[in-house]
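One structure is given here, and the rest of the page talks about it.
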Amino acid sequence: MQKQIKYKFNLKILLNCLVIALAILLIITPSSALEKDVEKSLPSLQIHPLPTPLKEWENQPYSGDYFEQIQPSVGGYLLWSEFPIKIYFDRPDNPDDTAATTRRFNQWVNAVEQSINEWNNYLPITEIYRAELADIIIERSEPPIEPKIDPETGQMQIPRAKTAQTRYEFYIKNKKLSHKMIIQISPRLSAIATLSAVRHELGHGLGIWGHSLDENDVLYWSQVSASIPISARDINTLKKIYEQPTRLGWPLPN
Ligand SMILES: [Zn+2]
């Protein structure tokens, strides 16, 4: 009996080691190969001029930032270099309709507009009415639920439904490496929660691809019930990001 337990235990360790070794192999091999391909086929890393509102932004005394939490993508830091940033967001077909569903939709739109106005103080943003031409799209829809496999048990885990999500896509525009941000904000949030969610996700959309560990920042990693305004630390971080080199917005090599 005891022997059998020992055998099972060793087998589990062996299996775990194999899984880890395989994972390391999978992680190391393609990424180094990918990096070489990226170097050859993408623009080199260069710095764009700082947009005027960020150039003028000075925080005295300096209240800090969370730049070390920000992840650059394979295309570099996810910053914008053409202004104003074009944003499209869902609107009801008939906003004057008095139905409860339309009233809720209008509340959602108000929250989106308010968030855009707040961030517009630091980066020029404009609303456009054709989604296909937008840099940032804000959809009034439920983010997808992504089941994960628990590596320990091999069982499928269904996470709690998310209420907001931002993702990005790369494409080529005028021979330049470009990106598009797609934000999804759930229709079932309260007005105040919608405002918090859009403010946070729009921060990601503007380039803050990471989370603050301080609950007084809009990009705090966890949802907080109170509506936190954009902090000096959020803008200090944003400014640092826009001072970084990126491949985005630069022409592809010939
Ligand atoms: Zn976030």
Margin query: I'd like to know if region 22-37 contains one or more residues that are modelled with pLDDT under 95 and basic (Lys, Arg).
Written below: yes
Note to self: I'm trying to understand the selection: among the residues of region 118-151, which are within 16 Å of the chain's Cα centre (by Cα) and assigned to a strand (DSSP E or B)?
What the structure shows: Ile136, Ile137, Ile138, Glu139
Margin query: Name the single residue that is surrounded by the fewest Cβ atoms within 10 Å (Cβ to Cβ) among those in region 152-179 being under 16 Å from the mean Cα position of the chain (by Cα) and within 24 Å of Thr101 (Cα to Cα).
Written below: Lys162
Next item on the list: May I ask you to list the residues in region 237-248 that are buried (at least 20 other Cβ atoms within 10 Å of the Cβ) and either small (Gly, Ala, Ser) or not in a loop (DSSP other than H, G, I, E, B) (or both)?
Entry: Thr237, Leu238, Lys239, Ile241, Tyr242, Thr246
Notebook entry, point to check: Mind checking which residues of region 86-117 are under 23 Å from the mean Cα position of the chain (by Cα) and part of a loop (DSSP other than H, G, I, E, B)?
Noted result: Asp90, Arg91
Checklist line | Which listed residue, of Ala131, Ala100, is in contact with a Phe, Trp or Tyr (Cβ under 6 Å, 6 or more places away or on another chain) and either surrounded by 13 or more Cβ atoms within 10 Å (Cβ to Cβ) or of a type in the set (A, V, I, L, M, F, W, C) (or both) | finding: Ala131
Margin query: Looking for something without any contact (Cβ under 8 Å) to a residue 12 or more places away in the chain, within 16 Å of the ligand (Cβ to nearest atom) and more than 26 Å from Thr246 (Cβ to Cβ) - is there at least one such residue anywhere in region 144-162?
Written below: yes
Check: Looking at region 182-190, is at least one residue free of Cβ contacts under 8 Å to residues at least 60 places away in the same chain, outside any helix (DSSP H, G or I) and within 16 Å of Leu79 (Cα to Cα)?
Finding: yes
Notebook entry, point to check: Among the candidates His179, His200, which residue alone is part of a strand (DSSP E or B) and under 22 Å from Pro53 (Cβ atoms)?
Noted result: His179
Check: For region 209-218, which residues satisfy the criterion of being farther than 11 Å from Thr166 by Cα and assigned to a loop (DSSP other than H, G, I, E, B)?
Finding: Gly210, His211, Leu213, Asp214, Glu215, Asn216, Asp217, Val218
Check: Failed condition for Val224, given (1) away from the ligand (no atom under 11 Å from the Cβ); (2) crowded, with 16+ Cβ neighbours inside 10 Å, with all others met?
Finding: (2)
Margin query: If I filter region 209-221 for residues that are under 18 Å from the mean Cα position of the chain (by Cα), within 11 Å of the ligand (Cβ to nearest atom) and surrounded by fewer than 16 Cβ atoms within 10 Å (Cβ to Cβ), do I get at least one hit?
Written below: yes
Check: Which residues, counting only those in region 163-181, are touching a residue at least 40 places away in the same chain (Cβ under 8 Å) and within 16 Å of the ligand (Cβ to nearest atom)?
Finding: Thr163, Tyr168, Met181
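The values are calculated or read from the model by the stated rules, or taken from the named source; none is laboratory data. Keep in mind that this is a model prediction, so the values were computed, not measured. When we count neighbours, we look across all protein chains shown, and the Cβ atoms used for this are built from the backbone with ideal geometry, even at glycine.
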